[in-house]
Amino acid sequence: MWFYTALITSVITAIIAIVGKKLVANVSASVLTWATLVLATPIIFIFVLKEGVPQLNYVFLLGVTGSVLFYTASQITGFRAMRISNLSAIWPLISLGPIFTLLIALMPPLSERPSAVATGGVFVTLAGVYVLNATKSKEGLLEPIKSLFKNKASLLMIVSVLTNGVVIVFDKLAINSTFPQNTTFTLFIENVMVIFGLLPVLYVRNKNFHQQITGNIKLFLLLGLINAVSTMLGFSAIGGGSIGLVATILKTQVLFVLLFSYIAFKDKPKFETLMGSVVMIAGVVLIKIGL
């Protein structure tokens, strides 16, 4: 079940990317992140009330704290990388994230052991993700790898990707520390921590940040609703499946972003992009077969 939940999540997050593209022209990235969580969290709280508060242990606190800290560090580092470099040159490096997650998950305390076929599907899928993104670079497919030895931006992006790869591990630890297992409650607590943690930063940097929100309130309400649905489904997938495999399926959002971008903006993909899509789909099929 988690496989289809993760796949649906990737479709919904692709829609979020399209809506976010319209908003980011008038709203800063930090305000966009914060406001989306603020509007999504009350919806998530309704489901928390319905499901009830689970029993917790100390590992839960470790999990949610680690997730929030690594998520924040990843976002900040990633934005710094994007600020000083062309996105096309560094974005393909995100394909390294699930590989790192898969390796971490092999070790205690999770000690996950996906099948050889499913693991092979991970590498095939992420090769497709790399090709899809790298074809956007004017310098060619190998430029993101070459850039690792050239500039600070690529190093920052690698740090961001690897840091983000740890987030889902802490999410899994927190979810496994709820009795009975409650993915929605874990998501709610993490959202609240990020919301209150970012608020002072937003206030110091931009005291009139609320005007950016009220000026685009309809799109923000839509984004909040979609985010609530996607994150609840995403956490459900994390709770039910091997996180290395889940992280890979979630990365297929790149494929759906291309599809929706073509529908919404008539952004016609190149032949190389279509080939990358075929590779990615083949990898997803292998993951499904290996379950």
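Throughout, read-outs are computed from the coordinates displayed, never taken from laboratory work. Just so we're clear, the structure is a prediction, and the values are computed from it rather than from any experiment. Every residue, glycine as well, gets a Cβ built from its backbone with ideal geometry; the counts of neighbours run over all protein chains shown.
Which FRET efficiency value, to the nearest 0.05, is calculated for Phe123 and Ile76 with the Förster distance at 22 angstrom and r the Cβ-Cβ distance? All intermediate terms of the calculation are to be shown ahead of the outcome.
Numbers: r = 29 Å, r/R0 = 1.32.
Calculated transfer efficiency: 0.15.
Pulled fully out, how much extra length does the chain show between Ala29 and Val285, if you take 0.36 nm times their separation in residues and subtract their Cα-Cα distance? Could you put the intermediate results ahead of the total?
On the way: separation 256, 0.36 × 256 = 92.16 nm, distance 3.43 nm.
This chain segment gains 88.7 nm when fully extended.
Grab the beta carbon distance between Gln211 and Ile18, set R0 = 35 Å, and tell me the FRET efficiency rounded to 0.05.
About 0.90, to the nearest 0.05.
What FRET efficiency comes out for the pair Val278/Leu219, r = Cβ-Cβ distance, R0 = 51 Å, nearest 0.05?
0.95
At a 10 angstrom cut-off on C-beta neighbours, averaged per residue, how do the peptides 230-240, 208-218, 39-49, 246-256 rank from highest to lowest?
By packing density, highest mean first, the sequence is 246-256, 230-240, 39-49, 208-218.
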